[in-house]
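Taking it in order: structure first as structure tokens, then the write-up.
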Amino acid sequence: MDCRLYLITPPRLPPDFADRLAAALDAGDVACLQLRLKDASPDEVKRAVETLMPVAHARDVAFLLNDDAGLAVKLGCDGAHLGQTDGDHAAARKLLGERTLGITCHDSRHLAMEAGEAGADYVAFGAFFPTDTKATTHTAGVDLLAWWSELFEVPCCAIGGITAANCAPLVRAGADFLCVVGAVWGHPEGPAAGVRALGAAMAAA
């Protein structure tokens with residue numbers, strides 16, 4: 001499959017975020033949006049889902065919730081993305097049913113194989129580059145993407161500081177998705193320009 005863009009929301013949403021999201025999703029091919037809010041209450045998450053999920057679904061973009069498989073099911077999301085400390089992955093797989101389960105695997109081949117055995121629909125590796133979005137405790141190399149994509153059917157995502165300027169080696173190594181935050185929402189010309197720049201860079205790679 002061709003490498004596709006996987007958008008993650010900023011940790012805190014500005015008041016006009018639904019409009020910014022619509023502009024981003026209209027600007028190019030986006031496979032999925034993950035709602036990842038920092039220090040948000042369940043009510044705040046619920047309101048964000050109710051506001052943003054229709055924007056994504058109107059454009060055939062899957063909507064995933066970060067960290068909480070149970071809440072993802074309750075709110076009708078298309079799936080959940082779980083870190084290594086976000087509960088029992090096998091239990092989450094059962095709970096989610098046909099919904100998507102993604103699992104963070106940092107820089108670890110072992111964790112990725114465990115995630116595959118637990119029934120993950122994709123595994124996420126990173127960080128590949130320095131990032132301001134969250135503290136970087138693991139650094140992954142491009143060889144990890146190449147190894148995984150050569151041996152396993154489960155798709156892989158690359159995350160961490162990815163921009164239009166640095167994404168080409170990840171695409172060439174076999175990443176199925178590029179997870180992006182700052183390069184879209186922080187783009188000086190706006191999120192639509194960020195999506196267009198990444199799309200062009202991925203196509204050129």
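Across the stretch 175-188, rounded Karplus estimates of 3J(HN,Hα) from the backbone phi angles (6.51 cos²θ - 1.76 cosθ + 1.60, θ = phi - 60°) give 4, 7, 9, 10, 8, 9, 10, x, 5, 9, 6, x, 5, x Hz, Gly and Pro being marked x. When the alpha carbon gyration tensor of the stretch 4-204 is reduced to an equivalent ellipsoid, its three semi-axes come out at 23, 22, 14 angstrom, largest first. Loop-located trypsin sites (Lys or Arg not before Pro) in the stretch 1-70 (DSSP state other than H, G, I, E, B) with a sparse environment of at most 15 neighbouring Cβ atoms within 10 Å: R12, K38, R59.
In Å³ and rounded to a whole number, note down the convex hull volume per residue for the Cα atoms of the stretch 141-201.
Looking at the stretch 141-201, the number lands at 73 Å³ per residue.
For the chain, compute the number of Lys pairs whose alpha carbons are separated by less than 19 Å, excluding pairs fewer than 8 positions apart on the same chain. Lysine pairs satisfying the spacing and distance rule in the chain number 4. Of all stretches in the chain that contain no GluC sites (Glu not before Pro) in a DSSP loop with at most 11 other Cβ atoms within 10 Å, the longest one is 1-97.
In plain terms, the chain from D29 to Q84 could stretch by 16.9 nm, reckoned as 0.36 nm per residue minus the Cα-Cα distance. Of V180, V171, V55, which has the largest mean-square fluctuation in a 10 Å C-alpha GNM of the chain? Most flexible of the set in this elastic network: V55.
Read the figures in this text as sums done on the coordinates, not as results from a lab. Only a predicted model underlies this, so the values are computations on that prediction, with no experimental measurement involved. Backbone-built Cβ (ideal geometry, glycine too); neighbour counts: all protein chains shown.
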